[in-house]
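Written out below as structure tokens is the structure these notes cover.
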Amino acid sequence: MSSAEEYLYDLHETQFVLFEHLRVQRLFEFPAYSSFEIGDVEMLLNEGLRFCQKVLSAVNSEGDREGCRWEDGRVFMPKAFHSAYKQQCAAGWMAISTEVEHGGQGMPFAIGAALGEMFVGANCSLSMVAGLTRAAADLVISHGSAEMKRRYVKPMVEGRWGGTMCLTEAQCGTALGEIKTTATKRDGKYFLKGQKIFISGGEHDLVDNIVHLVLARVEGAPAGTKGLSLFVVPKHRVDDAGRMGEFNDVVCSGIEKKLGIHASPTCQLVFGDADQCEGELIGAEEEGIKIMFDMMNGARIGVGLQGVALGGWAYQSALGYARERKQGPDMKNFRDPTAPSVPIAQHPDVRRMLATMKAYVEGGRALLLHAAMCLDIATHGADAAERDHMNGRIELLTPICKAWCSDTGFEVATLALQTYGGHGYLKDYPVEQLLRDAKIASIYEGTNGVQAMDLLGRKVGRQGGALFMQLVADINQFVAANKDNATLGPALTALERHTQKLQEITMNFAVQQMSGDMEYPLLSATPYLRLMGNIAVGWLLLEQAVVADRALAKLYAETGAGDDAARAKLCDEQPDAQFYDNKVKTAQFFASNLLSQNDHLATAIQSTDRSPLDMHF
Ligand SMILES: Cc1cc2nc3c(=O)[nH]c(=O)nc-3n(C[C@H](O)[C@H](O)[C@H](O)COP(=O)(O)OP(=O)(O)OC[C@H]3O[C@@H](n4cnc5c(N)ncnc54)[C@H](O)[C@@H]3O)c2cc1C
């Protein structure tokens, strides 16, 4: 059985998604990626996994136990993190998808996302340092002046300086229009004053300097989100030559004690207590929220990845345990008191849990890697119409990636703990930490309730509903092209039926919204997101199943497995056949057991019950 430290990951499954399902090698035709080959990527994935197992997960539970320590404004990370972080920076793992000209490796986003899953899975708290820094550096690259890029990007990409995203204040997390932090202009410079809470990595001792991206209101700007501007606020000022100088009046007044991610410091930051906190404006005044959202869309996909990553390790752990833990006889021998105990993986109820975890993890991974590949095509594709199509797809899928994957990631961690029984509740195994660490993903980067409102209130109706209709058209086209598949026919029919239902529900919402009824659609926004997420994931899992079914047919032909018995034997004994057969069965299980949740969700949404709106809370 695995120890709490050992990161478990199914590299074969990721290689299948990248190279056989999504065929990321198509991206190597773009000039930006023309120097890469499948062999390079495979090597990188192997090296990345080895690094995650040897270095990052080795300090994961120690970091959880030790946590972060605040002392007089300074924050100390767990001791073992220092060496792991140094190795991560030295090996160039900080900015895999950042362009080469800015010091990154210039890899496709889809490859970066696949590696990102391993890094976050192996050590979520430590990976947040790199993840937030990379996101902040990418924002400076996209929106900062040439001067800013020259001074800030290199040390961030190299991991010598950290980066944060400072939005939340005590009175506002979701409603950012209520931000009170101000920026006052003096002698042509901006000085910030205010307090932020819950800032991940706001202060710590892994880096020499921290570059905060702060939303604040320039004095006299209008109320609401439209009046917000974005500032680069380094902890230590940086001179024209890029040298770190004096302290910039950003004080960490404390860190939070919390359920999970104990080794990620969640900081209260005070800006400008001594009126000396200088900030540099990014973009123009009052463009802050628009620019910050650029960073948040990427970050939201990253948070979805956290769900898949932690759920992924939890599933692998539970699977290993279930194969070894013996308990009770096989059901076929339940009347025989002398029958030997069998591994719990043989019991039908445990198999149901394992199949559910497998389907959610592999479905979430497919969704996120698909979204990342859309981003690659939207950024580097040669065809303008395809770029637009992909941009629209990312817009539509971002809230689903964030909310569906973080919710199911937590559900997977819960099922994994359940699979362990009482042992899962102990600190001897990784699942209790994974469960605690996974919960935050449904809360930060906009709660999942906010994601659901974003999907239903903004994304589905965007461009007159065109983005939504394109997704439906792609799914219908896929179903039509494969409907004759004998193995997958019933699952494809189910996908088609549920997609029709999704269209019907979406149309009803549009009619309700046009009639001025906003409350009822919003009451159903969360079940609606789950329903649509189930369809998107069901589609991708069935695409995988079609690929796997073809690969299996080829294997049967090559090995001469002509009848059911010979094929079943091949699937029992040959690893590739087993893998593909499991892929087909995962899609079938998803369609019959998990996509079928949509019947319940649709009934609830269409019930027109408004009682929560009328309850006396
Ligand atoms: C560990 C941790 C790390 C974090 N890291 C960062 C960070 O690095 N930077 C940063 O800026 N912030 C960070 N946050 C803050 C996080 O993004 C916020 O907690 C989150 O956005 C929710 O805000 P809130 O806590 O104020 O909840 P609230 O906004 O008070 O929401 C409470 C509940 O009400 C719901 N709700 C609120 N408004 C509405 C509405 N209009 N309609 C329907 N439902 C609504 C929400 O969905 C939620 O369920 C972090 C938080 C934590 C716990």
Of the residues in region 438-450, those that are part of a loop (DSSP other than H, G, I, E, B), touching a residue at least 24 places away in the same chain (Cβ under 8 Å) and not hydroxyl-bearing (Ser, Thr, Tyr) come to Glu445, Gly446
Just the residues that are within 13 Å of the ligand (Cβ to nearest atom), in contact with a Lys or Arg (Cβ under 8 Å, 6 or more places away or on another chain) and part of a loop (DSSP other than H, G, I, E, B), please, taken from region 194-223.
Gly202, Glu203
Looking at region 581-600, which of its residues are among the aliphatic types (A, V, I, L, M) and under 24 Å from the mean Cα position of the chain (by Cα)?
Ala587, Ala591, Leu594, Leu595
Note: among Ala384, Ala416, Ala403, just one is of a type in the set (A, V, I, L, M) and free of Cβ contacts under 8 Å to residues at least 24 places away in the same chain, namely Ala384
If you go through region 424-437 one residue at a time, how many are assigned to a helix (DSSP H, G or I) and surrounded by 15 or more Cβ atoms within 10 Å (Cβ to Cβ)?
8
Qualifying residues in region 160-185 (those that are part of a strand (DSSP E or B), of a type outside the set (Asp, Glu) and more than 19 Å from Ser264 (Cβ to Cβ)) - the one farthest from the ligand (Cβ to nearest atom)
Lys185
Which condition number does Arg497 fail, the rest of (1) crowded, with 21+ Cβ neighbours inside 10 Å; (2) closer than 15 Å to Phe590 by Cβ being met?
(1)
Residue check, Gln513 against (1) in a helix (DSSP H, G or I); (2) buried (at least 20 other Cβ atoms within 10 Å of the Cβ); (3) within 16 Å of the ligand (Cβ to nearest atom); (4) not hydroxyl-bearing (Ser, Thr, Tyr), all met but one. Which one?
(2)
Matching strands (runs of 3 or more DSSP E) fully within region 250-329 where at least 3 residues are modelled with pLDDT of 95 or more and buried (at least 19 other Cβ atoms within 10 Å of the Cβ):
250-255, 266-271, 278-282
Of the conditions (1) more than 30 Å from Val511 (Cβ to Cβ); (2) of a type in the set (Val, Ile, Thr); (3) crowded, with 18+ Cβ neighbours inside 10 Å, Thr559 satisfies every one except a single condition; which number is it?
(3)
Across (1) under 29 Å from the mean Cα position of the chain (by Cα); (2) in a helix (DSSP H, G or I); (3) modelled with pLDDT under 95, Lys332 clears everything bar (1)
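The values are calculated or read from the model by the stated rules, or taken from the named source; none is laboratory data. A quick note: this is a predicted structure, and the numbers were derived from the prediction, not measured. When we count neighbours, we look across all protein chains shown, and the Cβ atoms used for this are built from the backbone with ideal geometry, even at glycine.
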